[in-house]
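**Q** Dropping a structure here in C-alpha cells format, bear with me for questions.
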Amino acid sequence: MSLVHTLRFIANHPLNAGRKPQALLRFARWQIASRVSPGQIVFEWINGTRMIVRPGETGFTQNIYCGLHEFSDMAYVLHALTADDFFVDIGANVGSYTILACAARGARGYCIEPVPTTYRRLVDNVRLNDLTSRVVSLNIGVSKSDGDLFFTTGENCTNHVIPAGASVEGATRIRVQTLDRILENNSPNLIKIDVEGFESQVIEGARDTLANPSLHSIILELNGNGSRYGFKDAEIVASLESSGFAPYSYNPFARELSPIAGKNGRSGNTLFIRNLDFVRERLANTPRVRIGAVNL
C-alpha cells in the first residue's frame, strides 16, 4: 500500500471521523517507533487484548492507525459473538480476527494459517492473550480435499495457493485438509475466510459445516482473486445462497444489516447471513465495545 493510499485510508476511516489529526499522529508515532525499535512491539488493542506487531506487518498496522482495519467486518465480529460461541478463522494471518473473537469477546475457536513463518506469529499472539485453552491453532491449509498444495510464503498477508500449472519455484509445500475434516464434531457459529481467491475450494470441502444450523454468519473475502483458479465471485455467492445464506452489508454505528445483491462492492469482504432474526436480536443486545474514543 502506497503512502498516499495509506494516509487517505486513515483520513477517511469511519472511526477517525472528527479525529483525523489524532489518527495521523498515531501513524507518525508508529513510523518513528518502528524505526527506533525495529523489533517487535506489543500493541494494547481492544478490551485488554494485545498484539505483537512488527514493521511492515500490513495485516495489523492499520488497526493501530484506525482501531479496526476492516471496520464493518471486525465490528460485526465484536457485535455478533458472545462467550458461548465458536469462531473459525481460515487464513488467520497473525490473528487479528481470532483475537477480536476469542480474546475481546471470549468465544472459543480454531485459527488456521498455512504459511509457517506467519503461523509462528499467530501462535505468539494467541499465547500473549492467554488463549491456548480456548483456541486451537493449526498450521495447515484448507481445500476441497485432503492432500498437499504449494503456497507462496513471501507476500505478507497476500500469500496464496500456487495455481495448477504455475511454477512452484520458491513456494512451500503445505498439508491441506477439508474444513469438514478439521472441525469434525465442532459446530461453528461464525466463520471468516480469507484465502486470496481459493474460497471456492474451501467451500467445496465444507458442505457438512455449511449444513450445520448453528452456523449463522460467514465473512468471506471476494475481490476477484478467484479468477486465478478459474472461479468467479458470482459463482461463490450463488453457492452460498444455495446453502441458505444471503449477502448483507453492516452498519456498525446503527447495528443494522441491509440486504445486497451479490458481493459487497465497497469492501474486499462480503458478509453472508442465515437465521436473520436471531442475528438481528444478537446485534441489538450485545454490549458496546470501547475502541479508542468511540463506544461502538
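The values are calculated or read from the model by the stated rules, or taken from the named source; none is laboratory data. Only a predicted model underlies this, so the values are computations on that prediction, with no experimental measurement involved. Glycine also receives a Cβ, built like all others from the backbone with ideal geometry; neighbour counts cover every protein chain displayed.
**Q** Name the pairs whose Cβ atoms lie under 6 Å apart, with the first residue in the stretch 1-17 and free of Cβ contacts under 8 Å to residues at least 24 places away in the same chain and under 18 Å from THR58 (Cα atoms), the second of a type in the set (Val, Ile, Thr) and buried (at least 16 other Cβ atoms within 10 Å of the Cβ), and 6 or more positions between them or separate chains?
**A** Matching pairs, first to second residue: none at all.
**Q** Go through (1) over 18 Å from THR82 (Cβ atoms); (2) exposed (fewer than 15 other Cβ atoms within 10 Å of the Cβ); (3) polar (S, T, N, Q); (4) modelled with pLDDT of 95 or more one by one and return the number of the condition SER143 breaks.
**A** It fails just one condition, (2).
**Q** Right, another one. Could you list, ordered by first residue, the pairs with Cβ atoms under 6 Å in which the first is in the stretch 118-136 and among the basic types (Lys, Arg) and the second is crowded, with 23+ Cβ neighbours inside 10 Å, at least 6 apart or interchain?
**A** ARG121/VAL94; ARG134/CYS102
**Q** Search the stretch 247-259 for residues being buried (at least 16 other Cβ atoms within 10 Å of the Cβ) and in contact with a strand residue (DSSP E or B) (Cβ under 8 Å, 6 or more places away or on another chain), and hand back the single one that is nearest to ASP277 (Cα to Cα).
**A** Let us first name the residues in the stretch 247-259 that are buried (at least 16 other Cβ atoms within 10 Å of the Cβ), namely 247-250, 252, 255, 257.
Of the ones still in play, those that are also in contact with a strand residue (DSSP E or B) (Cβ under 8 Å, 6 or more places away or on another chain) are 247-250, 257.
Details: PRO247: 15, TYR248: 13, SER249: 15, TYR250: 15, LEU257: 11 Å.
For the stretch 247-259, the residue satisfying everything is LEU257.
**Q** When you look at VAL176, is it among the aliphatic types (A, V, I, L, M), within 22 Å of GLY95 (Cα to Cα), touching a residue at least 24 places away in the same chain (Cβ under 8 Å) and crowded, with 20+ Cβ neighbours inside 10 Å, yes or no?
**A** So VAL176 passes the test.
**Q** Further question on the same structure: Only one of these is more than 30 Å from SER187 (Cβ to Cβ), touching a Phe, Trp or Tyr at 6+ places or on another chain (Cβ under 9 Å) and crowded, with 19+ Cβ neighbours inside 10 Å: ILE41, ILE99, ILE64, ILE90. Name it.
**A** Numbers: ILE41 fails: crowded, with 19+ Cβ neighbours inside 10 Å; ILE99 fails: more than 30 Å from SER187 (Cβ to Cβ); ILE90 fails: more than 30 Å from SER187 (Cβ to Cβ).
Sole residue among the options that is more than 30 Å from SER187 (Cβ to Cβ), touching a Phe, Trp or Tyr at 6+ places or on another chain (Cβ under 9 Å) and crowded, with 19+ Cβ neighbours inside 10 Å: ILE64.
**Q** While we're here: Pick from ALA166, ALA171: which is surrounded by fewer than 22 Cβ atoms within 10 Å (Cβ to Cβ), in contact with a strand residue (DSSP E or B) (Cβ under 6 Å, 6 or more places away or on another chain) and over 17 Å from CYS102 (Cβ atoms)?
**A** Details: ALA166 fails: in contact with a strand residue (DSSP E or B) (Cβ under 6 Å, 6 or more places away or on another chain).
Exactly one residue qualifies, and that residue is ALA171.
**Q** Within the stretch 282-293, identify whether any single residue is touching a residue at least 60 places away in the same chain (Cβ under 8 Å), surrounded by 16 or more Cβ atoms within 10 Å (Cβ to Cβ) and of a type in the set (Val, Ile, Thr), and answer yes or no.
**A** Yes, there is a match, as at least one residue in the stretch 282-293 is touching a residue at least 60 places away in the same chain (Cβ under 8 Å), surrounded by 16 or more Cβ atoms within 10 Å (Cβ to Cβ) and of a type in the set (Val, Ile, Thr).
**Q** Collect the residues in the stretch 74-97 that are touching a residue at least 60 places away in the same chain (Cβ under 8 Å), part of a helix (DSSP H, G or I) and within 8 Å of the chain's Cα centre (by Cα), keeping them in residue-number order.
**A** Hit for the stretch 74-97 is TYR97, nothing else.
**Q** Which of the residues spanning the stretch 268-277 are over 19 Å from MET74 (Cβ atoms) and surrounded by 12 or more Cβ atoms within 10 Å (Cβ to Cβ)?
**A** To start, the set of residues in the stretch 268-277 that are over 19 Å from MET74 (Cβ atoms) comprises 274-277.
Once the filter is applied, which keeps residues that are over 19 Å from MET74 (Cβ atoms) and surrounded by 12 or more Cβ atoms within 10 Å (Cβ to Cβ), the stretch 268-277 yields ARG274, ASN275, LEU276.
**Q** Something else now. Hey, can you tell me all the residues within the stretch 44-61 that are outside any helix (DSSP H, G or I), at pLDDT 85 or above and surrounded by 15 or more Cβ atoms within 10 Å (Cβ to Cβ)? Show your work before the answer.
**A** Of the stretch 44-61, the ones outside any helix (DSSP H, G or I) are 44-60.
With at pLDDT 85 or above added as a condition, the list becomes 44-53.
TRP45, ILE46, THR49, ARG50, MET51, ILE52, VAL53 - these are the residues of the stretch 44-61 that are outside any helix (DSSP H, G or I), at pLDDT 85 or above and surrounded by 15 or more Cβ atoms within 10 Å (Cβ to Cβ).
**Q** May I ask you to verify whether ALA107 is buried (at least 22 other Cβ atoms within 10 Å of the Cβ), of a type in the set (Gly, Ala, Ser) and either within 26 Å of LEU81 (Cα to Cα) or in contact with a strand residue (DSSP E or B) (Cβ under 9 Å, 6 or more places away or on another chain) (or both)? Walk me through how you get there before you give the answer.
**A** Values: buried (at least 22 other Cβ atoms within 10 Å of the Cβ): yes; of a type in the set (Gly, Ala, Ser): yes; either within 26 Å of LEU81 (Cα to Cα) or in contact with a strand residue (DSSP E or B) (Cβ under 9 Å, 6 or more places away or on another chain) (or both): yes.
Judged against the criteria, ALA107 is a match.
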